[in-house]
1. Quick one: which residue in Asn115, Asn94 is within 13 Å of the chain's Cα centre (by Cα) and either open to solvent by 50 Å² or more (accessible area, probe 1.4 Å) or not hydroxyl-bearing (Ser, Thr, Tyr) (or both)?
2. Which residues, counting only those in the stretch 11-27, are assigned to a helix (DSSP H, G or I) and either open to solvent by 80 Å² or more (accessible area, probe 1.4 Å) or not aliphatic (A, V, I, L, M) (or both)?
3. Can you list residue pairs whose Cβ atoms sit under 6 Å apart, with the first residue in the stretch 54-72 being in contact (Cβ under 8 Å) with a residue 60 or more places away in the chain and farther than 17 Å from Arg113 by Cβ and the second being open to solvent by less than 40 Å² (accessible area, probe 1.4 Å) and not hydrophobic (A, V, I, L, M, F, W, C)? Count only pairs 6 or more apart in sequence or on different chains.
4. Answer with yes or no whether Ile110 is modelled with pLDDT of 95 or more, in a helix (DSSP H, G or I) and exposed (fewer than 14 other Cβ atoms within 10 Å of the Cβ).
5. Quick test for you: out of Ala105, Ala38, Ala54, pick the one residue that is among the small types (Gly, Ala, Ser), within 28 Å of Ser10 (Cβ to Cβ) and open to solvent by 40 Å² or more (accessible area, probe 1.4 Å).
6. I'd like to check something: does the stretch 65-82 contain any residue that is farther than 18 Å from Ala16 by Cα and hydrophobic (A, V, I, L, M, F, W, C)?
7. Take the stretch 77-91 and flag every residue that is assigned to a loop (DSSP other than H, G, I, E, B), open to solvent by less than 70 Å² (accessible area, probe 1.4 Å) and free of Cβ contacts under 8 Å to residues at least 60 places away in the same chain.
8. Would you check if there is a residue in the stretch 60-67 being of a type in the set (Val, Ile, Thr) and touching a helix residue (DSSP H, G or I) at 6+ places or on another chain (Cβ under 8 Å)?
Amino acid sequence: MADSEIVFRSASELGALLRTGKLSPVEVVRAYLDRIDAVDPRVGAFITVTRERALAQAEQAEREIAAGRYRGPLHGLPYATKDMLATQGIRTTNGSKTTADWIPAYESTITARLNDAGAILIGKLHLVEFAMGTHLWAPFG
């Protein structure tokens, strides 16, 4: 399946293809990483891309699914999170210069649950500093 066919499918479609073995987690993660490489230089959505870790987790998910240890509908699916959620061993900047080099020693509840479900973190996304800004919205003038 072409990368463009993969990255524009819904999570439920990809999950079904992963569960049945019609797609592998490695194929899906590589397609998303290729898309990040192609688009993010213009968009600038990612602060951090967790390429090596994501590929290693995709290989593990592929082995688990093939061995019948399917964890559920998120197993093998890539995700990205705002860079305000602590991710153990991965820089978490909170979009701020004051925490630009912080590498948490613990995992946030959200990412821990996604990890336990077999979802694969592909990167951390930009945000307004400490997610405190509303000035970017200005819908009423």
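The values are calculated or read from the model by the stated rules, or taken from the named source; none is laboratory data. Keep in mind it's a predicted model, so treat the numbers as computed, not measured. In this analysis, Cβ positions are derived from the backbone assuming ideal geometry, glycine residues included, and neighbour counts consider all displayed protein chains. When the accessible area is computed, the model is the full protein with side chains, heavy atoms only, and any ligands, DNA or RNA have been set aside. Shrake-Rupley method; radii C 1.70, N 1.55, O 1.52, S 1.80 Å.
1. Result: Asn115 is the single residue among Asn115, Asn94 that is within 13 Å of the chain's Cα centre (by Cα) and either open to solvent by 50 Å² or more (accessible area, probe 1.4 Å) or not hydroxyl-bearing (Ser, Thr, Tyr) (or both).
2. Across the stretch 11-27, the qualifying residues are Ser12, Glu13, Gly15, Arg19, Thr20, Pro25, Glu27.
3. If the second residue must be open to solvent by less than 40 Å² (accessible area, probe 1.4 Å) and not hydrophobic (A, V, I, L, M, F, W, C), the pairs left are Ala58/Pro25.
4. yes
5. The unique qualifying residue is Ala38.
6. yes
7. Result: Asp83, Leu85, Ala86, Gly89.
8. yes
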